[in-house]
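Here is the structure we will look at.
Derivation of every value follows stated rules applied to the coordinates shown; laboratory data play no part. Owing to the predicted nature of the structure, the values given are computational and were not obtained by experimental measurement. Here the Cβ is made from the backbone with ideal geometry for all residues, glycine too, and neighbour counts use every protein chain on show.
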Amino acid sequence: MSRSNFLTGIKSTGRPHLGNVIGVIYPTIFLTKLTKNEKFQNQLILIANLHSLTNFKYIKNNKNNAYKILAVWLACGIDYKQFIFYRQSDIPEVTELLWFFSIMYPYNRLRLVHSFKENVKKKQIINTGILTYPILMAADILISKAELVLVGKDQLQHLEIARQIAKKINNIIAKKIFPLPQAIVIENLIPGTDGTKMSKTKNNIIDLFASKKEIKKQIMKIKTQKQFEPNKVLKDNLYNIYIRLAGKENKEKIKYNFQMGYEHAKEELYKLIINKFKRERTLYKYYIKKTKKLETIFQKGAKKMKQIVNSTIYEVRKAFECN
């Protein structure tokens with residue numbers, strides 16, 4: 001049985017928050033340890049520093065944000081020697097592939113993508129990058145020939161677009177250049193402090209690597225029901241965050257903390273987070289100062305990634321008679 005390439009990624013919009021750690025980083029570490037007897041051919045972790053530029057506010061700190069993301073991965077215990085960490089911008093072939101894919105995918109369908117429609121509702125001016133965002137994501141996935149991609153539910157439509165493009169090109173040239181990527185869906189999502197998906201743009205995050213004062217401030221912002229009702233506890237946002245971190249085995253203890261009042265429950269959640277992630281917080285402070293080491297990891301990752309993408313882009317150029 002041939003081994004598959006595994007891919008996951010994160011946008012360089014800042015330091016990963018609690019939702020990123022629980023939803024992406026730990027599942028990646030767990031998955032790759034689980035399959036250690038059937039190792040993936042390549043384990044790829046993408047820092048999507050081109051995707052983040054669709055929002056101008058991330059331009060200024062784009063480089064440092066990539067370092068912060070890598071430092072968090074290392075702090076959470078990933079063995080970087082077994083993975084290929086790379087920045088999107090270090091692989092210019094991805095943007096070349098974006099062009100080939102752009103001529104293969106209908107414009108009108110891009111306007112129907114959920115993420116695009118959501119942005120239209122929020123903003124008056126939509127840049128072209130927001131429209132073509134799914135095509136760039138398809139280029140990221142397909143250039144690596146990843147067969148397994150770890151994504152959140154909100155990214156499933158983008159993955160399906162990548163599959164559609166792969167099928168279309170394979171059919172046109174009557175040759176299987178691209179495998180059809182399969183999704184590994186992230187289920188263990190932590191809601192944000194307002195009850196919606198945790199996101200920096202919504203300012204509803206819990207930043208594990210911020211100061212203790214800032215973490216406490218963020219926890220105190222968690223929206224709750226007006227009054228604690230035991231029969232409605234499963235619908236309470238604070239409860240859902242708390243139990244995902246403490247585990248169902250501590251359900252009775254959590255309910256007791258709620259009966260003592262929401263402020264008490266928030267204080268206990270704060271203590272839990274500080275104790276649970278003490279090691280990660282310490283390691284992050286260590287790694288974030290090692291920018292030379294972080295840059296070396298990225299450069300080595302880019303070099304290895306080049307070996308993977310060179311054959312892919314050659315095949316595509318040949319198929320389109322561009323070489």
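Could you work out how much longer the chain between Lys235 and Gln82 gets when fully extended? Use 0.36 nm per residue separation minus the Cα distance between them, nm to one decimal.
Working: separation 153, 0.36 × 153 = 55.08 nm, distance 4.02 nm.
Using 0.36 nm per residue and subtracting the Cα-Cα distance, I get 51.1 nm.
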Helix 156-173 against the longest principal axis of the chain: what's the angle in degrees, Cα atoms only, rounded to the nearest 10?
10
³J(HN,Hα), Karplus 6.51/-1.76/1.60, whole Hz, each residue of the range 267-282, x for Gly, Pro:
4, 5, 5, 4, 4, 4, 5, 4, 6, 5, 10, 4, 5, 4, 5, 5
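Could you tell me which trypsin sites (Lys or Arg not before Pro) in the range 77-136 are loop residues by DSSP with no more than 15 other beta carbons within 10 angstrom of their beta carbon?
Taking the range 77-136 and a limit of 15 other Cβ atoms within 10 Å, the loop trypsin sites (Lys or Arg not before Pro) found are Arg111, Lys123.
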Tyr286/Asp207 FRET efficiency (R0 30 Å; Cβ-Cβ; nearest 0.05):
0.95
Given the convex hull of the Cα atoms of the range 49-121, what is a quarter of its surface area in nm²?
7.0
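Pop the C-beta distance of Phe320 and Tyr107 into the FRET formula with R0 = 22 Å and round what comes out to the nearest 0.05. The partial results should precede the final answer.
Working: r = 19 Å, r/R0 = 0.88.
Computed FRET efficiency for Phe320 and Tyr107: 0.70.
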Pick from Val309, Val120, Val185: which is most flexible by mean-square fluctuation in a GNM of the chain where alpha carbon atoms under 10 Å apart are linked?
Val120
Working from Cα positions, state the angle (0 to 90°, nearest 10) between the long axis of helix 93-102 and the longest principal axis of the chain.
80
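I need the fraction of alpha carbon pairs in the chain separated by more than 37 Å, rounded to a whole percent. Can you show the working numbers first?
Working: 11101 of 52003 pairs.
In whole percent, the long-distance tail amounts to 21.
As a test, work out the antiparallel percent of DSSP beta bridges whose residues both lie in the chain, rounded to the nearest 5.
Working: 1 of 20 bridges.
Roughly 5 percent of the DSSP beta bridges within the chain come out antiparallel.
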Listed highest first by mean packing, meaning other Cβ atoms within 10 Å per residue, what order do 211-218, 5-12 come in?
5-12, 211-218
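Note the full-extension length gain between Ile173 and Arg244 as 0.36 nm times their separation in residues minus their Cα-Cα distance, in nm to one decimal.
Details: separation 71, 0.36 × 71 = 25.56 nm, distance 4.77 nm.
Extending this stretch completely gives an extra 20.8 nm.
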Which of the peptides 202-210, 278-286, 263-271, 236-244 is most tightly packed, and how do the rest follow, judged by the mean count of other Cβ atoms within 10 Å per residue?
236-244, 202-210, 263-271, 278-286
If you line up the long axis of helix 128-143 against the longest principal axis of the chain, both from Cα atoms, how many degrees apart are they, to the nearest 10?
70
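How much length, in nm to one decimal, is gained on full extension between Gln182 and Ile29, taken as 0.36 nm per residue of separation minus their Cα-Cα distance?
Working: separation 153, 0.36 × 153 = 55.08 nm, distance 1.85 nm.
Extending this stretch completely gives an extra 53.2 nm.
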Bounding extents of the range 200-281 in its principal axis frame from Cα atoms, largest first in Å, are 35, 27, 18
For the range 173-216, projected area of the alpha-carbon convex hull averaged over all directions, nm²:
5.8
Distance in nm between Lys300 and Trp99 label points, each 7 Å along Cα→Cβ, equals 3.4
